[in-house]
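*Asks:* This is the structure I want to talk about, given as structure tokens.
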Amino acid sequence: MLVSASLLRRTHPVVCRSSAPVSLLYLARRQWYSSSTTGFEFKDKEVVVDGVKYPKDEWTNVTPTVLSKLDRKLHLQPRNPICIIRHLIESHFNGYKCFNNLSPIVTTQQNFDDLLIPADHPSRTKSDNYYFNKDTVLRAHTSAHQLEGLRSGADKFLISGDVYRRDEIDASHFPVFHQMEGLVYFDNDPAKIAAQVQADIESNALNSNNIKLVDDTVIKPSNPIQERHMEETVKPVAAHLKHSINSMIRTLFADEPNLEVRWIDAYFPFTSPSWEVEIYYKGEWLEVLGCGVVQQALMDKAGLHNKIGWAFGMGLERLAMVLFGIPDIRLFWSQDERFVNQFTPGQIQKFQPFSKYPPCIKDISFWLPENTWNENNFCEVIRGVAGDLVENVKIIDDFTHPKTKRRSLCYRILYRSMDRSVTNEEINEIQENVRTSVQKEFSVELR
Ligand code: DAH
């Protein structure tokens, strides 16, 4: 089901300027913001972004809501916590080449194939990604640029940028977030690698003791060394990876009391062995990064047959939420001065909460035509209509009629603006549009 169909199917081209404040409200009210400078345009047969035409096909599911985020680039806004964290990490990884301005519009080759992600891998589905068409997608991770980085000639680099994923809606999920990718490679010579690792470890000792670090992972058949690698080479490479990441975490969290960090085994198509790092925060383990020894086939694609490398990919919002004490992921996007003016480049400061504008809560319930249901697609329709005004969508009732066996769902939608008070009137209008779109997209029977 094409989530955004009702938004894309328009007789008149729609032009939106992506920097328009509360641009999503324009969407909801069907008053389109137009601009002849930078922007994007939905035409019958193509989506145009900054003059580049992307022909539409059955994969197209990008929405004006998500494209309106393209030029925000929070990682480049000096006072935004995302940018502050990026800088701090970049300064820690001294000497790494930094790429911060690569376009988030990438080919499916870059986002998936280059990374050895199989053709039938679930991460490719339309319900998880924003496609322009079958060959072009908004990058879902900064790993989409690993090969470009490898081909750049730099033997250690960082790539930061905005990434896009269709997702549920709540305080810690937003369809756009930011990641940083890191990659380092060495000559495939065990003695040389070991010497370099030793030197790096000595120059960057782990001396803070406010962090309890648990790593009981061992290399084993279920998380193996690659066939083409030798144990004596992989061991120092893995040691360098782990030291580099642990020291980065210790630097970032130097002032955070009693932090617990743990390493666990993981799986990624583009690394082996692979791990994840988690941080214990407010009673739960948060996954903050994935990493591992780069698949040699990927190094080969860049012509680096005789090199061996490690890589990581890390979400910046989660780190920023912990470090700055920011309770809601949407706040990063706020243009409210009470948020924007709180932060200073180069400094980690705790967020001072200010009173939130009042919410407006509406329920929607309906009978499903059949038993299958995709919540991401549902949330996307709501986001398409209500834009950033939707703060949270949660299911409050899931009921199957004992006789007819029909299934009925009820969702509670919390609307709130980060920047102003919403009126019941405008939310009623949006809710009406949500109901109509949901009914059309999913052929449900509204109750
Ligand atoms: N790209 C992965 C994700 O977004 C994270 C990741 C895992 C990046 C392992 C890496 C890596 O570079 O080596 O889930």
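Where a number appears in this text, it was derived from the coordinates with a stated rule and is not lab data. Note that the structure is a prediction, hence the values are computed from the model and not measured. No Cβ is skipped: glycine too gets one built from the backbone with ideal geometry, and neighbour counts run over all protein chains shown.
*Asks:* With a Förster radius of 25 Å, plug the Cβ-Cβ distance of ASN341 and ASP71 into 1/(1 + (r/R0)^6) and report the FRET value to the nearest 0.05. The partial results should precede the final answer.
*Replies:* Numbers: r = 21 Å, r/R0 = 0.85.
Step by step, r from the Cβ atoms, then E = 0.70.
*Asks:* So if I take the centroid of the Cα atoms in the stretch 195-255 and the same for the stretch 339-402, what is the distance between those two points in Å?
*Replies:* Centre-to-centre (Cα) distance: 38 Å.
*Asks:* Oh, and also: Could you go through the stretch 160-175 in sequence order and give the Karplus-derived ³J(HN,Hα) for each residue, using 6.51 cos²θ - 1.76 cosθ + 1.60 with θ = phi - 60°, rounded to whole Hz, and x for Gly and Pro?
*Replies:* Running phi through 6.51 cos²θ - 1.76 cosθ + 1.60 with θ = phi - 60° gives 10, x, 7, 10, 10, 9, 6, 7, 6, 10, 6, 5, 10, 10, 9, x Hz.
*Asks:* So, one more: Relative contact order for the chain: what percent, with Cα pairs under 8 Å and sequence separation of 6 or more? Each step should come with its number before you reach the end.
*Replies:* Values: 843 pairs, mean separation 73.7, N = 447.
Here the relative contact order equals 16 percent.
*Asks:* Right, another one. Going by alpha carbons, how many degrees (0 to 90, nearest 10) lie between the helix axis of 231-252 and the longest principal axis of the chain?
*Replies:* Helix 231-252 and the main axis of the chain meet at about 60 degrees.
*Asks:* Further question: What is the order of VAL237, VAL52, fewest Cβ neighbours within 10 Å to most?
*Replies:* On the way: VAL237 23, VAL52 13.
In order of increasing Cβ crowding within 10 Å: VAL52, VAL237.
*Asks:* Can you list the aspartates and glutamates whose alpha carbon is less than 20 Å from that of LYS53, not counting same-chain residues fewer than 8 positions off?
*Replies:* The qualifying aspartates and glutamates are GLU41, ASP44, ASP71, ASP135.
*Asks:* Give me the distance in nm between label points sitting 7 Å out from Cα along the Cα-to-Cβ direction at SER91 and GLU58, one decimal.
*Replies:* Result: 5.3 nm between the two label points.
*Asks:* Could you sort 213-222, 364-373 so that the peptide with the highest average Cβ count within 10 Å comes first and the rest follow in order?
*Replies:* On the way: 213-222: 11.4, 364-373: 13.9.
Result, highest mean first: 364-373, 213-222.
*Asks:* So which lysines pass the test for LYS307, namely a Cα distance under 26 Å, with those fewer than 8 places away in the same chain ruled out?
*Replies:* Partners found: LYS97, LYS156, LYS192, LYS220, LYS235, LYS242.
*Asks:* Here's another thing I want to ask about it. Using Cβ contacts closer than 10 Å as the measure, can you line up SER203, SER127, SER272, SER443 from fewest to most? Provide the component values of the computation, followed by the final result.
*Replies:* Values: SER203 9, SER127 15, SER272 20, SER443 12.
In order of increasing Cβ crowding within 10 Å: SER203, SER443, SER127, SER272.
*Asks:* Give me the lysines in straight-line cross-link reach of LYS356: C-alpha distance below 24 Å, same-chain residues under 8 apart excluded.
*Replies:* LYS69, LYS282, LYS394
*Asks:* Still on this structure, I have one more. If you average the sequence gap of Cα pairs under 8 Å that are 6 or more apart and divide by the length of the stretch 336-446, what percent do you get for the contact order?
*Replies:* Working: 148 pairs, mean separation 39.8, N = 111.
That works out to 36 percent.
*Asks:* Please give the contour-minus-distance gain from SER222 to ASP120: 0.36 nm per residue of separation, less the Cα-Cα distance, rounded to one decimal in nm.
*Replies:* Details: separation 102, 0.36 × 102 = 36.72 nm, distance 2.16 nm.
Additional length available on full extension: 34.6 nm.
*Asks:* In what order do THR107, THR271 fall by count of nearby beta-carbon atoms within 10 Å, going from fewest to most? Please list the in-between numbers first.
*Replies:* Details: THR107 15, THR271 27.
Listed from fewest to most nearby Cβ atoms, that is THR107, THR271.
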